Amino acid sequence: MEHRYDPHAVEQRWQARWAEQRTHEVQTDPSRPKFYCLEMFPYPSGRIHMGHVRNYTIGDVVARQRRMRGFNVLHPIGWDAFGMPAENAAIERGAHPADWTRENIAYMREQLARMGFSYDWSRELATCDPTYYRWEQRFFLAMLERGLAYRRKSIVNWCDRCQTVLANEQVEDGKCWRCDSPVLERELEQWFLRITAYADELLAGCDQLPGWPEKVLVMQRNWIGRSTGAELRFPVEGRDDVIRVFTTRPDTIFGATFVSLAVEHPLVAALSRGTSQESAVTAFVAKVKAQTPEERAEGKDGVFVGAYCQNPFTGERLPIYAASFVLMAYGAGAVMAVPCHDQRDFEFARTHDIPMRVVVQPDDAPPLDPAVMEAAYEGPGRLIASGEFDGLPNEEGKARITAAAEQRDVGRAATQYRLRDWGVSRQRYWGAPIPVVYCDACGVVPVPLEQLPVLLPTDAVFSGSGGSPLARLEHFVRTTCPKCGGPARRETDTFDTFMESSWYFLRYTSPQDTTQAFDPAAIRYWLPVDQYIGGVEHAVLHLLYARFYTKILRDLGEIPDWSEPGRTIEPFANLLTQGMVIKDGAKMSKSKGNVVDPDYLVQRYGADTARLFSIFAAPPERDLEWSDQGVEGASRFLNRIWRIIARGQSWLGAGAAKAGDAPSDAARALRRLTHRTIVRVTDDVERRSHFNTAVAAVMELVNGYADQVQESAPEDGDLAEAIREAARTTLVLLAPFVPHVTSELWETVGGSTALAEVPWPDADPAALVEASVEMVVQVNGKVRGRFSAPPDTSEEELLQRALADERVQAQIAGKTIRKTLVVPGRLVSLVI
RNA sequence: GCGAGAGUGGCGGAACUGGUAGACGCACUAGACUUAGGAUCUAGCCCGCAUUAGCGGAUGGGGGUUCGAGUCCCCCCUCUCGCACCA
């Protein structure tokens, strides 16, 4: 072996061997237990960054450890290859998005290989490949057929910079998730997927994912935003129209004193027409529509529309207002206003001088008086001034009033969701074409299955303006109607790229299949993903879409349902959301100039050091603060192990010495340390996902024997054997973290099989037994002494030994012992 | 405002079910080896007082439960993230 640790030579050697022997390729093999380990696939932006290094190292540790555990481990990689940066590159430097993407993939593939990640490269896929997206086009047609995909004109989020529509999930703080420019509203014909039809199932699934971080589940539940209540109908005075409102508080119907409509509500214009309010309403609507969403959120403006409706329960005449805070997109775009029991209505009523009526009176409180109330009362209580419902607890009132509304045909129970259908049309080139054509005679016509895939043309021109490049390609746009044979035009929008990332993890199970999207047997064997790892930024976007897609593909019959009876199908059993890599307090980014290039790290220290640092510096879910010295420390540790093995190589590799009848204390102690470390590391990796403490435990082990490794073996044969075991265990336990250097050293110590094939060790319970444990003596809760005793010492004896301790004696001298407590194996507690 | 999470040495972080607070690493200090070392090895390293044993204090602040609290309960403060007029 080399005397000096040369990471490059070592890493090249092992990477070449793994590639040559296809070490990490796997087959679907139902005779073996499986483990599907997946990291969120990268966008081929050009080069990998530290976030990738961290994400993929965590995944690789899991994958390699589970392999050693005997699992058949699927650990694939691919490329989320459609998307805007490719198109922007085309606009900026004239590179074709396809070429730009291909070159980036080639480079990043090399980078990942240099990190030593144990992927099954035979399963690599890229979403821009027609052999991939053709299946997506087919899924879409199937959804279309079942009404799960539909087209409608709608107000959409428009990013002017990206020249495209954004999904609700892609609007952050009123800004584009990608480029941060303000999002505008536009009215466009768009394709939607009916994710709202799956709202309840998606919600139910949240309760069946114990392996997910609570934080992510909470975000998903909030995003779906289910609320239950009633839809009530308010007839408009003097017209046939009816205003439908959604309310979660049907119990307060007797307190409704006005009704508010969104400015976009069709009745606003209709009702005000011809009244004295018409001009005021027109002006107000124009003003509100011109406001940005933030401006709109500022105030609680409104105007009387000049008409009245009728409270369906009291028959009372209620004025109708147009109000800025009512959202057309939620519920029916209309609200029944109960000032005394809703804070917004309260404020609105105060400014517009609208009457207020208390209908819920809290128990054990003085009667509420609208004249002196400073805020709406939104808590529980009993109904008052509510006719036949008086005296009911308000929760019961909800049910009773809803039932009554149904009986009188003025309303019904209703559920609302915050979740909107997923708009999937994008006015961009670099995406999967939406497989429909428009025919003047036949309308919207799906492209027949046998004509799939609709290929993305390669000869588009990228100017960055004038809309989608596809729309300007006559040869693409112009086609014939599959139904009538007449002239027709192709859809020129492409799919949102989240369409591709919503099912890639399924395709990995049979990526080369040209006859079907998925091989059911492979899906049944591999799914669900046992461990999914990625950034929290996908908590709602990708992770919600992927869950939705899985359920929809089940319903389309594309995949078998792998879920247990009574549970909903879920793609990812366990989710680990890793934190960001930050430097100088900020996320690494080009614009901040605080980027550390993984290539530089690998060049200077080697991949193993980069891997070790990114694992050791912080627990995975927390942010990792970059530290140059921390990297040095990781490198130093690997060098240290190298030196230790090198020093003892003449005897560390020798065969097992005969164990003596009565091993020395030193030998026994080291064995105990070795096996305790096995327990800790196994638990940290398999159960806790605390990889940083797993590494720390191995460091402690190394500290426990390092100085005993000299050029020749110690005289004590049992100790020599204990050291051999400790050194080998070090390499085995570290193998998932730093696979190259440990593989190399494994050869040095005479490992006969490749380290990656060595079974993960089990601790020997006998070795864990301690000859004696250290006991602590507390006096009034403070540690005053300690002694060693065999673990099976009786409580009385422990107490006697505690009392005999000199320092304890000093503390209790002249005092009365009022209470004693013995916790065997831990401590003796005295109260004086 | 609502929801989730977090506040522990100079720093990253340990302490999983209440039981020796600060593992492991970084930085720092001293020493050894050295022509030299940012290499390596040895020792020290929460704070204060004593410095040889010891004593007192300390996990954002304040209360509480307990023989015993970083850990459990209540109140408050700060930070991070998410959602924010959702009727």
Please verify whether A:T677 is of a type in the set (V, I, T) and crowded, with 19+ Cβ neighbours inside 10 Å, treating the condition exactly as stated. yes
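How many residues are part of a helix (DSSP H, G or I) and within 7 Å of RNA strand B (Cβ to nearest atom) if we restrict to region A:336-365?
Just the residues of region A:336-365 that are part of a helix (DSSP H, G or I), to begin with: A:339-341, A:343-352.
Narrowing the set further to residues that are within 7 Å of RNA strand B (Cβ to nearest atom) leaves A:344.
So the answer is 1.
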Within region A:450-488, which residues are under 30 Å from A:Y43 (Cβ atoms) and of a type in the set (A, V, I, L, M)? A:L452, A:V454, A:L455, A:L456, A:A460, A:V461, A:L470, A:A471, A:L473, A:V477
Given (1) touching a residue at least 60 places away in the same chain (Cβ under 8 Å); (2) surrounded by fewer than 20 Cβ atoms within 10 Å (Cβ to Cβ), A:Q578 misses just (2)
Please determine, by comparing only the residues of region A:661-693 that are under 15 Å from A:T729 (Cα atoms) and touching a residue at least 60 places away in the same chain (Cβ under 8 Å), which one is farthest from RNA strand B (Cβ to nearest atom). A:R671
Helices (runs of 4 or more DSSP H) completely within region A:486-593 that count 1 or more residues being under 23 Å from A:R420 (Cα atoms) and within 18 Å of the chain's Cα centre (by Cα): A:498-501, A:541-555
Counting only residues that are of a type in the set (V, I, T) and under 33 Å from the mean Cα position of the chain (by Cα), which one in region A:8-30 is nearest to A:G116 (Cα to Cα)? A:T23
Can you name the residue in region A:369-390 that is free of Cβ contacts under 8 Å to residues at least 12 places away in the same chain and over 46 Å from the mean Cα position of the chain (by Cα) and is also surrounded by the most Cβ atoms within 10 Å (Cβ to Cβ) among such residues? A:D390
Being within 14 Å of RNA strand B (Cβ to nearest atom), under 28 Å from A:R382 (Cα atoms) and at pLDDT below 95 narrows A:R226, A:R221 down to just A:R226
A:A323 is checked against (1) surrounded by 17 or more Cβ atoms within 10 Å (Cβ to Cβ); (2) of a type outside the set (F, W, Y); (3) more than 9 Å from RNA strand B (Cβ to nearest atom) and fails just one. What number does that condition carry? (3)
Which one is modelled with the lowest pLDDT, of the residues in region A:695-745 that are touching a Leu at 6+ places or on another chain (Cβ under 8 Å) and polar (S, T, N, Q)? A:Q708
Go through region A:404-469 and tell me which strands (runs of 3 or more DSSP E), entirely inside it, have 3 or more residues that are within 16 Å of RNA strand B (Cβ to nearest atom), modelled with pLDDT of 90 or more and surrounded by 14 or more Cβ atoms within 10 Å (Cβ to Cβ). A:411-416
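Out of region A:255-276, which residues are away from RNA strand B (no atom under 16 Å from the Cβ) and surrounded by fewer than 19 Cβ atoms within 10 Å (Cβ to Cβ)?
A:A269, A:A270, A:R273, A:G274, A:T275, A:S276
Within region A:19-39, can one find any residue that is part of a loop (DSSP other than H, G, I, E, B), polar (S, T, N, Q) and touching a Pro at 6+ places or on another chain (Cβ under 7 Å)?
The first filter runs over region A:19-39 and keeps only residues part of a loop (DSSP other than H, G, I, E, B), leaving A:21-33.
Keeping just the survivors that are polar (S, T, N, Q) gives A:21, A:23, A:27-28, A:31.
Of the ones still in play, those that are also touching a Pro at 6+ places or on another chain (Cβ under 7 Å) are none.
Looking through region A:19-39, none of the residues is part of a loop (DSSP other than H, G, I, E, B), polar (S, T, N, Q) and touching a Pro at 6+ places or on another chain (Cβ under 7 Å).
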Given the conditions (1) in a helix (DSSP H, G or I); (2) in contact with a Pro (Cβ under 7 Å, 6 or more places away or on another chain), report the number of the one that A:A113 does not fulfil. (2)
Looking at this structure, is A:A706 within 14 Å of RNA strand B (Cβ to nearest atom), among the small types (G, A, S), within 17 Å of A:N639 (Cβ to Cβ) and more than 34 Å from the chain's Cα centre (by Cα)? yes
Working only within region A:740-767, note down all residues that are touching a residue at least 12 places away in the same chain (Cβ under 8 Å), surrounded by fewer than 22 Cβ atoms within 10 Å (Cβ to Cβ) and among the β-branched types (V, I, T). A:T748, A:V749, A:V758
Which of the residues that make up region A:314-335 are part of a strand (DSSP E or B) and under 46 Å from the mean Cα position of the chain (by Cα)? A:I320, A:Y321, A:A322, A:A323, A:A334, A:V335
A:E747: more than 29 Å from A:A618 (Cβ to Cβ), of a type in the set (D, E, K, R) and in contact with a Lys or Arg (Cβ under 7 Å, 6 or more places away or on another chain), yes or no? no
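Could you check how many residues of region A:806-832 are in a loop (DSSP other than H, G, I, E, B) and of a type in the set (A, V, I, L, M, F, W, C)?
Adding up the residues that qualify gives 3.
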Enumerate the pairs (first residue in region A:298-315 and more than 23 Å from A:G274 (Cβ to Cβ) and touching a residue at least 60 places away in the same chain (Cβ under 8 Å); second residue anywhere and among the charged types (D, E, K, R) and surrounded by fewer than 20 Cβ atoms within 10 Å (Cβ to Cβ)) with beta-carbon separation below 7 Å, excluding pairs fewer than 6 apart on the same chain, so at least 6 apart or on different chains. A:P312/A:R233
Of the residues in region A:1-58, those that are under 17 Å from A:P736 (Cβ atoms) and hydrophobic (A, V, I, L, M, F, W, C) come to A:V10, A:W14, A:W18, A:V26, A:F35, A:C37, A:L38, A:V53, A:I58
When you look at A:V359, is it crowded, with 18+ Cβ neighbours inside 10 Å and either farther than 14 Å from A:V338 by Cβ or touching a residue at least 60 places away in the same chain (Cβ under 8 Å) (or both), yes or no? yes
Those helices (runs of 4 or more DSSP H) completely within region A:595-650 that have 3 or more residues that are more than 6 Å from RNA strand B (Cβ to nearest atom), more than 30 Å from A:P714 (Cβ to Cβ) and aromatic (F, W, Y) are none
Can you tell me which condition A:F613 does not meet? The list is (1) aromatic (F, W, Y); (2) touching a Gly at 6+ places or on another chain (Cβ under 7 Å); (3) free of Cβ contacts under 8 Å to residues at least 12 places away in the same chain, and all the others hold. (3)
Restricting attention to region A:768-791, does a residue exist that is within 16 Å of RNA strand B (Cβ to nearest atom), of a type outside the set (D, E) and free of Cβ contacts under 8 Å to residues at least 12 places away in the same chain? yes
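Which residues, taken from region A:229-247, are among the basic types (K, R) and within 16 Å of RNA strand B (Cβ to nearest atom)?
Passing the criteria: A:R233, A:R244.
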When you check A:D60 against the structure, is it farther than 19 Å from A:P44 by Cβ and part of a helix (DSSP H, G or I), yes or no? yes
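The values are calculated or read from the model by the stated rules, or taken from the named source; none is laboratory data. Predicted model only: the values in this text are computed from it and were never measured. Reconstructed Cβ throughout: ideal geometry from the backbone, glycine too, with neighbour counts over all protein chains shown.
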